[in-house]
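Below is one structure, written out as C-alpha cells; comments come after it.
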Number of protein chains: 2
Amino acid sequence: MPEFRQNRATKNWVIVATERARRPHDFITAEETKQLPEFDPKCPFCPGNEHMTPPEVLKVDKDGNWLIRVVPNKYSALVPDVELKRETKFQFFRKITGYGFHYVIIESPKHNLTIATMQPEEVCEIFKTYLKLYKSFMSEQNLNTVIIFRNNGKRAGTSLEHPHSQLIASPIVPTHIRHLLEEATRYYDDHGSCVFCDMIKIESYSGERVVYEDEDFIVIEPFASVSPFETWVMPKKHDACFGNITESEACKIAKVVRLVLSQLYEKLNNPDYNYVIHSSPFKDAGEEFYHWYIQILPRLTIPAGFELGSGVYITTALPEETAKFLKINKGEN
Amino acid sequence: MPEFRQNRATKNWVIVATERARRPHDFITAEETKQLPEFDPKCPFCPGNEHMTPPEVLKVDKDGNWLIRVVPNKYSALVPDVELKRETKFQFFRKITGYGFHYVIIESPKHNLTIATMQPEEVCEIFKTYLKLYKSFMSEQNLNTVIIFRNNGKRAGTSLEHPHSQLIASPIVPTHIRHLLEEATRYYDDHGSCVFCDMIKIESYSGERVVYEDEDFIVIEPFASVSPFETWVMPKKHDACFGNITESEACKIAKVVRLVLSQLYEKLNNPDYNYVIHSSPFKDAGEEFYHWYIQILPRLTIPAGFELGSGVYITTALPEETAKFLKINKGEN
C-alpha cells in the first residue's frame with residue numbers, strides 16, 4: 001500500500017509508491033565505470049595546466065606540490081567586482097546585481113580520484129578547506145549564505161571528470177531556506193527543541209533507517225526520502241551553522257562522508273550524485289532551532305511533471321530497505 | 001554581469017548567469033527525432049491492446065472508435081481502495097495512507113503523435129477531458145488537490161512513447177503549494193490585487209518576454225525563469241482554479257498550448273519537456289489572490305547541487321532573448 005510520509009524538518013510530503021517499488025539492488029548502475037588516467041593533458045584542473053584556470057585564491061601544499069587548489073569558477077554564476085544594487089522595474093520586477101563568489105575546489109592533483117576512492121586524510125583536507133572558506137565569508141558584510149556542493153557525474157550536472165566541488169557565497173537568503181527556517185522555528189515553538197536534534201535521537205532509537213552511527217554522527221536514509229538512497233549525514237552536536245565547527249570536527253565528518261560515498265560507490269557501482277552542506281544563513285548561526293547537515297542525493301531517478309507541480313516527490317524505494325542495504329558496521333571504517 | 005531576479009508570484013530567486021550565457025539557438029536539440037510507427041503492437045496504449053491496461057474510467061469515442069482513453073495507472077502512486085488514515089510513530093514520523101487517484105490520459109490512438117503534431121481539435125478534446133476529470137474530483141470529500149501533468153521524453157521522466165498525460169488527485173495540500181498560497185496572500189494584502197493578474201498586465205505592457213498574446217491568454221518567458229525556455233501560459237480572466245473554467249475556455253487554452261508546443265518542437269527540434277497545470281486546492285477555488293496557469297518546462301539543463309541546497313536556479317539564457325526566438329505572430333495560429 002502506498003503512503004504519504006512527511007519530513008518533520010522540511011515539512012515536505014513524499015509518496016512512497018509501493019505499487020512500483022523496487023528492491024535496493026535494482027538501483028545498481030549498469031554502466032561500467034570509465035577508467036580514467038591519473039593525468040589528462042587537456043584537463044584544466046590537472047597539474048601543469050594551472051594557467052587554464054583563474055589564479056588561485058587558496059592552496060594546500062605538500063612538499064612543494066599542491067594537494068588542493070581553490071580557484072574562481074571560470075564561468076562564475078556570481079562575481080565579486082560589482083556593486084551590490086537593487087532595482088525594481090515597473091514597480092514589479094525585482095532584481096539585484098549578481099554580486100558574490102563562485103569558487104571551484106580542485107580536490108586533488110590526480111584526475112582519476114573521487115571522494116569514494118581517496119584516502120581519509122585527503123578528504124579531511126578537503127573539508128578543512130571548505131571550513132576555512134566558509135569562515136572567511138562569514139565576516140563579509142554583504143554576504144548572507146554559503147552553499148558548498150559537489151556534482152559527481154553527468155546525471156548530477158557536471159561533465160568535468162577531475163575531482164572537484166564548488167562554493168557559492170551569496171548576498172541573498174533564498175526563499176527556500178527562509179521556508180525551512182520558518183518550519184524549524186514553528187517546531188521549536190511547539191516542542192521547545194530543535195527538530196533535527198529530535199530526528200537524530202528518534203532515528204538512533206528506532207534504528208530502522210540508520211546506515212552508520214558513532215559518537216559524533218548519525219547517517220540515515222530519511223523517513224521521507226525524496227528519492228531512492230537519499231542519505232543525510234548529521235552531526236549529533238547541535239549547531240545551526242557549518243561555519244561554527246572546528247577543524248577537528250570537519251575532519252571527523254569528512255571521514256564519515258567518505259565512508260558513506262565509498263559504500264554507495266561499491267554497492268551501487270559508482271552512481272552519479274550531488275551532495276550539499278545545508279547550513280543556516282550567517283545571521284542565524286547561533287539559533288537553537290536549526291541544524292547543519294550534509295545531504296547526499298544519488299541521481300537514480302528523474303523528477304517529472306508531478307514533482308514540478310506539487311513539490312511532492314514520488315519515491316520507489318523504502319528507506320528502511322535502502323538503509324539495510326547500505327548498512328556500515330563500525331569496524332569497517 | 002550576472003543578476004538575481006525574483007519571481008514575484010512564487011517569490012523564488014534565480015541567478016541569470018551571463019558569464020556562461022548561451023544564445024537561444026545553442027539549445028536546439030542535436031538528437032534526431034526518432035521516427036515512430038503509427039501503431040506499435042507491443043505498446044499497451046495502442047488500439048487492440050486495451051487489455052494491457054486497467055479498465056478505462058472514461059472514454060471519448062468517435063464513430064465507434066476511441067479517441068481518448070483514461071485508465072488508472074498500472075503502477076499507481078496513490079490508490080482509491082484504501083481508507084484514509086493518519087498515523088504518527090514515536091510522536092514524530094507522520095504518515096498518511098496513500099489514498100487517491102492516479103490516472104493516465106491516453107491522448108490519441110496514434111502511437112506517433114505528440115501535442116505539437118496533433119490537430120487543434122484533438123488537443124481540445126484532451127483539455128476537455130482534463131476539465132471533466134478535474135471537476136469530477138472537486139466534489140470528493142477526501143480530496144484536496146489535483147495535479148495534471150505531461151512528461152514528454154526520457155529527460156522529462158518517461159520512456160513511454162505513446163502520447164499520454166497523467167493526473168494525480170490527492171488528499172493532502174503539498175507544503176510547496178501552501179507556501180505559494182501564502183506568498184500570493186501576502187502580495188494581495190500588500191497591493192489589493194492578484195499577483196498573477198498584475199504580472200499579466202505588466203508583461204503585456206512591457207512586451208519584452210511575450211511569446212504570444214490574444215484576447216484571452218498571454219504566453220510569457222517569466223522574468224525569473226528557472227531554466228532556459230521555461231514558458232507560462234496564463235489566462236487573462238482571473239480564476240484560482242482550473243476546475244472553474246468552461247469547456248469552451250478549456251478548448252481555447254488547448255489551442256494556445258498546442259501552438260506553443262509546436263513552436264518549441266520546430267524551433268528547438270522536439271525537446272523533452274514537462275508541463276503542469278498549476279491550480280489552487282479545491283477549498284481555495286474562489287480566492288482572489290491565486291490564479292491557475294500552465295507551466296511548460298523544456299528539459300535542457302540539469303539542476304545540480306546548488307539548486308538542491310538553495311532552491312535558487314541558475315539559468316544560462318535570458319528570457320528576453322528566448323521570448324524573441326519563440327515569438328508567435330497572431331496570424332500563425
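The values are calculated or read from the model by the stated rules, or taken from the named source; none is laboratory data. Quick caveat: nothing in here was measured; it's all calculated off a predicted structure. Ideal geometry is used to build each Cβ from the backbone, glycine not excepted, and the neighbour counts take in all protein chains shown. These accessible areas exclude ligands, DNA and RNA; they are computed on the full protein's heavy atoms, side chains included. Shrake-Rupley method; radii C 1.70, N 1.55, O 1.52, S 1.80 Å.
Tabulated data for the structure shown
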{"item": "Lone unmet requirement of (1) open to solvent by 20 Å² or more (accessible area, probe 1.4 Å); (2) in contact with a strand residue (DSSP E or B) (Cβ under 8 Å, 6 or more places away or on another chain) for B:Glu287", "result": "(2)"}
{"item": "One residue from B:Lys62, B:Lys34, B:Lys42 being open to solvent by 90 Å² or more (accessible area, probe 1.4 Å), more than 14 Å from chain A (Cβ to nearest Cβ) and within 26 Å of the chain's Cα centre (by Cα)", "result": "B:Lys34"}
{"item": "Check on B:Val82, surrounded by 19 or more Cβ atoms within 10 Å (Cβ to Cβ) and touching a residue at least 12 places away in the same chain (Cβ under 8 Å)", "result": "no"}
{"item": "Unmet requirement for A:Thr88, which otherwise passes all of (1) more than 24 Å from A:Ser159 (Cβ to Cβ); (2) open to solvent by less than 70 Å² (accessible area, probe 1.4 Å); (3) hydroxyl-bearing (Ser, Thr, Tyr)", "result": "(2)"}
{"item": "Checklist (1) touching a strand residue (DSSP E or B) at 6+ places or on another chain (Cβ under 7 Å); (2) touching a residue at least 40 places away in the same chain (Cβ under 8 Å) applied to A:Glu161, failing item", "result": "(1)"}
{"item": "Filtered residues of the range B:254-284 (kept if surrounded by fewer than 21 Cβ atoms within 10 Å (Cβ to Cβ) and within 14 Å of chain A (Cβ to nearest Cβ))", "result": "B:Asp272"}
{"item": "Residue within the range B:44-56 that is of a type in the set (D, E, K, R) and either closer than 30 Å to A:Glu208 by Cβ or in contact (Cβ under 8 Å) with a residue 24 or more places away in the chain (or both) present", "result": "no"}
{"item": "Residue selected from the range B:140-178 under the condition closer than 28 Å to B:Leu36 by Cα and touching a Ser or Thr at 6+ places or on another chain (Cβ under 6 Å), by the criterion nearest to the other protein chains (Cβ to nearest Cβ)", "result": "B:Asn151"}
{"item": "Candidate set: the range B:169-178, residues that are out of contact with any Pro (no Cβ under 6 Å at 6 or more places or on another chain) and under 30 Å from B:Asp198 (Cβ atoms); chosen: the one surrounded by the fewest Cβ atoms within 10 Å (Cβ to Cβ)", "result": "B:Arg178"}
{"item": "Residue in the range B:116-125 that is surrounded by 22 or more Cβ atoms within 10 Å (Cβ to Cβ), at pLDDT 95 or above and not hydrophobic (A, V, I, L, M, F, W, C) present", "result": "no"}
{"item": "Within the range A:179-233, tally of residues that are open to solvent by less than 10 Å² (accessible area, probe 1.4 Å) and more than 21 Å from the chain's Cα centre (by Cα)", "result": "0"}
{"item": "Residue match in the range B:27-40 (condition: closer than 28 Å to B:Tyr134 by Cα and touching a residue at least 24 places away in the same chain (Cβ under 8 Å))", "result": "no"}
{"item": "Of all residues in the range A:134-168 being part of a helix (DSSP H, G or I) and among the aliphatic types (A, V, I, L, M), the one that is surrounded by the most Cβ atoms within 10 Å (Cβ to Cβ)", "result": "A:Ala156"}
{"item": "Residues of the range A:196-224 satisfying the condition of being part of a loop (DSSP other than H, G, I, E, B) and without any contact (Cβ under 8 Å) to a residue 24 or more places away in the chain", "result": "A:Gly207, A:Glu215"}
{"item": "Residue count for the range A:65-74, restricted to those that are exposed (fewer than 14 other Cβ atoms within 10 Å of the Cβ) and within 14 Å of another protein chain (Cβ to nearest Cβ)", "result": "1"}
{"item": "The range B:91-111, subset aliphatic (A, V, I, L, M) and more than 9 Å from every other protein chain (Cβ to nearest Cβ), residue surrounded by the fewest Cβ atoms within 10 Å (Cβ to Cβ)", "result": "B:Ile105"}
{"item": "Qualifying residue in the range A:318-333 (condition: touching an Asp or Glu at 6+ places or on another chain (Cβ under 6 Å) and aliphatic (A, V, I, L, M))", "result": "yes"}
{"item": "Filter result for the condition that a residue is surrounded by fewer than 23 Cβ atoms within 10 Å (Cβ to Cβ), within 14 Å of chain B (Cβ to nearest Cβ) and in contact (Cβ under 8 Å) with a residue 24 or more places away in the chain, over A:Pro303, A:Pro319", "result": "A:Pro303"}
{"item": "Inter-residue pairs, beta-carbon under 7 Å, first more than 7 Å from every other protein chain (Cβ to nearest Cβ) and in the range B:1-23, second open to solvent by less than 50 Å² (accessible area, probe 1.4 Å) and small (Gly, Ala, Ser), 6+ apart", "result": "B:Asn7/B:Ala224; B:Ala9/B:Ala184; B:Val14/B:Ala224; B:Val14/B:Ser225; B:Ala21/B:Ala317; B:Arg22/B:Ala317"}
{"item": "Of all residues in the range B:12-29 being outside any helix (DSSP H, G or I), at pLDDT 85 or above and of a type outside the set (Lys, Arg), the one that is nearest to B:Tyr187 (Cα to Cα)", "result": "B:Asn12"}
{"item": "Members of the range B:258-272 found to be under 20 Å from B:Ile218 (Cα atoms) and under 18 Å from the mean Cα position of the chain (by Cα), listed by number", "result": "B:Arg258, B:Leu259, B:Val260, B:Leu261, B:Ser262, B:Gln263, B:Leu264, B:Tyr265"}
{"item": "Wholly within the range B:225-333, helices (runs of 4 or more DSSP H) carrying at least 1 residues that are in contact with a helix residue (DSSP H, G or I) (Cβ under 9 Å, 6 or more places away or on another chain) and under 27 Å from A:Thr301 (Cα atoms)", "result": "B:247-268, B:305-310"}
{"item": "Candidate set from the range A:112-139 (those that are in contact with a Phe, Trp or Tyr (Cβ under 8 Å, 6 or more places away or on another chain) and more than 14 Å from every other protein chain (Cβ to nearest Cβ)); member that is nearest to A:Ser262 (Cα to Cα)", "result": "A:Ala116"}
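One line per residue, one yes/no per condition, for (1) charged (D, E, K, R); (2) under 17 Å from the mean Cα position of the chain (by Cα); (3) on the phi > 0 side of the Ramachandran plot:
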residue: B:Gly100; (1), (2), (3): no, no, yes
residue: B:Tyr103; (1), (2), (3): no, yes, no
residue: B:Ser108; (1), (2), (3): no, no, no
residue: B:Leu113; (1), (2), (3): no, no, no
residue: B:Thr117; (1), (2), (3): no, no, no
residue: B:Glu140; (1), (2), (3): yes, no, no
residue: B:Asn144; (1), (2), (3): no, no, no
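Listed here are the residues, each with its yes/no results for (1) at pLDDT 95 or above; (2) under 26 Å from A:Gly98 (Cβ atoms).
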position	(1), (2)
A:Leu133	yes, yes
A:Ile148	yes, yes
A:Thr158	no, yes
A:Gln166	yes, yes
A:Pro171	yes, yes
A:Glu203	yes, no
A:Glu208	yes, no
A:Glu213	yes, no
A:Phe217	yes, no
